[in-house]
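The values are calculated or read from the model by the stated rules, or taken from the named source; none is laboratory data. Computed from a predicted structure; not experimentally measured. Reconstructed Cβ throughout: ideal geometry from the backbone, glycine too, with neighbour counts over all protein chains shown. For the accessible areas, the whole protein counts, side chains as well, though only heavy atoms, and no ligand, DNA or RNA atoms are used. Shrake-Rupley method; radii C 1.70, N 1.55, O 1.52, S 1.80 Å.
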Amino acid sequence: MRGGILKGTDYNYNFADEVGMPKVENGYWFFNDRHKEVSENLLERHSFNSTLAIPDTDSNVLYVYVLDT
């Protein structure tokens with residue numbers, strides 16, 4: 001969502017900033033991969049079909065993002 005480095009891989013994509021989502025301090029996330037091809041590295045796919053839900057427990061706001069390419 002906000003980029004960073006994990007296990008030597010630089011994820012330089014700030015999706016949360018692009019869609020104007022504020023930083024959620026207290027909450028959790030749910031990710032549903034709806035792509036027909038199951039693979040371990042979804043970032044290497046040619047298309048994405050997924051849903052991401054992030055409830056902000058401080059503001060009682062639910063952020064939902066659906067991506068179908």
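Listing for the model above:
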item: Accessible area in the full protein assembly, largest first, 1.4 Å probe, for Ser50, Ser59; result: Ser59, Ser50
item: Residue-wise HN-Hα coupling along the stretch 29-35, computed from phi with Karplus coefficients 6.51, -1.76, 1.60 (Hz; x: Gly, Pro); result: 9, 9, 10, 10, 8, 9, 5
item: P(r) tail fraction, the chain - alpha-carbon pairs more than 13 Å apart, %; result: 71 percent
item: The stretch 22-69: GluC sites (Glu not before Pro) in DSSP coil with no more than 12 other Cβ atoms inside 10 Å; result: Glu25, Glu37, Glu40
item: Val64 - accessible surface, heavy atoms, 1.4 Å probe, Å² rounded to 10; result: 80 Å²
item: Neighbourhood charge, 15 Å Cβ-Cβ cut-off, centred on Asp58 and excluding it, Lys, Arg +1 and Asp, Glu -1; result: -1
item: Whole-Hz couplings from phi, Karplus 6.51/-1.76/1.60, listed for the stretch 44-49; x for Gly and Pro; result: 9, 6, 8, 8, 10, 9
item: Phi to ³J(HN,Hα) by Karplus 6.51 cos²θ - 1.76 cosθ + 1.60 over the stretch 55-63, Hz, x for Gly, Pro; result: x, 8, 6, 6, 9, 6, 10, 10, 9
item: Interchain or long-range residues, amide H under 5 Å from Tyr13's placed H; result: Gly3, Gly4
item: Rounded percent of accessible protein surface that carbon and sulfur make up, the chain, 1.4 Å probe; result: 53 percent
